[in-house]
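Data first, discussion second: the structure below is written as structure tokens.
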Amino acid sequence: MEHFSFRRFAVATTALLLAIAGGTIGFMASLGEDWVDAFYRAIVTVTLTGIDTKPSATSAKFLTIALVGVGVAIFAYIASTLVELIARGVVTDAWGERRRRRAIERLEDHYIICGFGRVGRRVAEEFRRARAPFVVLDFSEEAIEHAREENVLFIEGNGTEDEDLARAGLARAHGLVAASDDDSDNLYIVLSAKTQRPDLVVVARASDEEAEKKLRLAGADRVVLPYATAGRVMANMLVKPQVTAFLNVVSDSGGPDLSFEEIEVPRTCAAAGRSIGDLRVREQTGAFIVALRREDGTFDTRPTPETILDEGDVIVGVGTMDEIKALEDLFAPKGPVAR
């Protein structure tokens, strides 16, 4: 529809130029004027600016009437096209596109969702809940329509193309989700992203274990198998219903009274090198440290009060929003980093 409307503008412009050219030639022939005067008379007549002087020749008078009629028709045609463009949202869409492009260019430390199907939309929902900046990259009409309806930033393109990844801000991104329904697409997305940004955290979707192996070889940091995960959850709902219910509550972003957060222990933090008990974490913040990821990648899933927190460790805390905020303050950097 957009192309049709802009084509109508081209038709109107061509008709206007032809009318001016025809009027110039006609006035030169009927009034004997030079081409500059004839061109000027044609311009002011066709554009409805006014008639310079009353033509002396009868043929010139009829030509003037014809040009005025043509001018009225052309500008009415252009006006109707403008109304159509506004009604169809073409003009507002163009402005929205520019605003969206500028917003994407300003993104820093954001996430890129490649594929905005059911999985991608769920990822976006979780990002919104966590207030994490993100941009969607997809080329299907259905996905783009969903992105517009949900008012999220999006790039119409393919995650397998380096140029489209660059438009999505790959150089500035914190992480990428390869959520296409097609395993081969996700494989190419991971390869493209990791080739340009080896340090980028990439989470990919896989349909089976074979695809999972290939995605890991391609460089994916994490691989999720939705069907396997769904099957495991459904089985546990029957075998371990209360455990599953509890895990659903605590994993659904914590719910209204419970929040999970991961906090890195920075080098300049006063808590680095001290034990959980020495820090009196529970007494000072009200939050619990339920897990600890060491800098070498190993996990301590049962930290005790004697557990030492070293710089570079990542703690997993649980508590209310206020308690988590107090926990973050406890591990906040203290002063500038020594050089």
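Going through ARG302, ARG280 one at a time, which residue ends up being closer than 18 Å to ASP329 by Cα and not hydrophobic (A, V, I, L, M, F, W, C)? Break it down into steps so the answer makes sense when it comes.
On the way: ARG302 fails: closer than 18 Å to ASP329 by Cα.
After ruling out the rest, the residue left standing is ARG280.
The criterion of at least 2 residues that are under 19 Å from GLN196 (Cα atoms) and not polar (S, T, N, Q) is met, among helices (runs of 4 or more DSSP H) falling completely within segment 114-175, by 162-167. Say whether the condition of being part of a loop (DSSP other than H, G, I, E, B), among the basic types (Lys, Arg) and within 19 Å of GLY319 (Cβ to Cβ) is met by at least one residue in segment 272-282. So far as segment 272-282 goes, yes, one or more of its residues are part of a loop (DSSP other than H, G, I, E, B), among the basic types (Lys, Arg) and within 19 Å of GLY319 (Cβ to Cβ).
Restricting segment 210-239 to residues that are under 23 Å from THR195 (Cα atoms) and out of contact with any helix residue (DSSP H, G or I) (no Cβ under 7 Å at 6 or more places or on another chain), which is most open to solvent (accessible area, probe 1.4 Å)? Break it down into steps so the answer makes sense when it comes.
Here is the first cut: in segment 210-239, the residues under 23 Å from THR195 (Cα atoms) are 210-224.
Now narrow it down to the ones that are out of contact with any helix residue (DSSP H, G or I) (no Cβ under 7 Å at 6 or more places or on another chain): 210, 212-213, 216-217, 221-222, 224.
Details: GLU210: 100, GLU212: 43, LYS213: 126, ARG216: 112, LEU217: 156, ASP221: 55, ARG222: 131, VAL224: 70 Å².
Ranking the qualifying residues of segment 210-239, first place goes to LEU217.
Going through (1) modelled with pLDDT of 85 or more; (2) in a loop (DSSP other than H, G, I, E, B); (3) closer than 30 Å to LEU191 by Cα; (4) open to solvent by 90 Å² or more (accessible area, probe 1.4 Å) one by one, GLU262 falls short only on (2).
Per-residue answers, yes or no, for (1) surrounded by fewer than 13 Cβ atoms within 10 Å (Cβ to Cβ); (2) modelled with pLDDT under 85; (3) not aliphatic (A, V, I, L, M):
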| site | (1), (2), (3) |
| --- | --- |
| SER251 | yes, yes, yes |
| PRO256 | yes, yes, yes |
| ILE289 | no, no, no |
| THR298 | yes, no, yes |
| VAL316 | no, no, no |
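Tell me, which residue of segment 199-209 that is closer than 19 Å to HIS174 by Cα and assigned to a loop (DSSP other than H, G, I, E, B) is most open to solvent (accessible area, probe 1.4 Å)? So the residue we want is ASP199. Does any residue in segment 11-22 that is under 13 Å from PHE39 (Cα atoms) and free of Cβ contacts under 8 Å to residues at least 40 places away in the same chain come within less than 7 Å, Cβ to Cβ, of a residue that is in a helix (DSSP H, G or I) and open to solvent by less than 70 Å² (accessible area, probe 1.4 Å) six or more places away or on a different chain, and which pairs are these? Listed pairs, sorted by first residue: ILE20/ALA42; ILE20/ILE43; ILE20/VAL46. The criterion of being among the small types (Gly, Ala, Ser) and in a loop (DSSP other than H, G, I, E, B) holds for SER180. Please go through segment 295-324 and give me each residue that is in a loop (DSSP other than H, G, I, E, B) and within 33 Å of the chain's Cα centre (by Cα), ordered by number. The answer is GLU295, GLY297, GLY312, ASP313, THR320.
Taking each residue of segment 223-242 that is in contact (Cβ under 8 Å) with a residue 60 or more places away in the chain and closer than 20 Å to GLY117 by Cα and looking for partners that are surrounded by 13 or more Cβ atoms within 10 Å (Cβ to Cβ) and not hydrophobic (A, V, I, L, M, F, W, C) with beta-carbon atoms closer than 7 Å, six or more apart or interchain, yields PRO226/ARG205.
Conditions tested, residue by residue: (1) of a type in the set (Val, Ile, Thr); (2) more than 30 Å from GLU97 (Cα to Cα); (3) modelled with pLDDT under 95.
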site	(1), (2), (3)
GLU141	no, no, yes
ILE144	yes, no, yes
GLU150	no, no, yes
GLU163	no, no, yes
VAL177	yes, no, no
VAL190	yes, no, no
ASP208	no, yes, yes
VAL224	yes, yes, yes
ASN236	no, yes, yes
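The test for being closer than 19 Å to TYR111 by Cβ and either surrounded by fewer than 20 Cβ atoms within 10 Å (Cβ to Cβ) or touching a residue at least 40 places away in the same chain (Cβ under 8 Å) (or both) holds for ALA168. Note on segment 13-59: among residues that are closer than 13 Å to ILE78 by Cβ and at pLDDT below 80, the one that is surrounded by the fewest Cβ atoms within 10 Å (Cβ to Cβ) is LEU48. State which residue is farthest from the chain's Cα centre (by Cα) when the search covers only segment 210-224 and only residues that are closer than 15 Å to ASP185 by Cα and assigned to a loop (DSSP other than H, G, I, E, B). Looking at the filtered set, the residue picked out is GLY219.
The values are calculated or read from the model by the stated rules, or taken from the named source; none is laboratory data. The structure displayed is predicted, hence computed values, not measured ones. No Cβ is skipped: glycine too gets one built from the backbone with ideal geometry, and neighbour counts run over all protein chains shown. Ligands, DNA and RNA are excluded from the accessible area calculation, which covers all protein heavy atoms including side chains. Shrake-Rupley method; radii C 1.70, N 1.55, O 1.52, S 1.80 Å.
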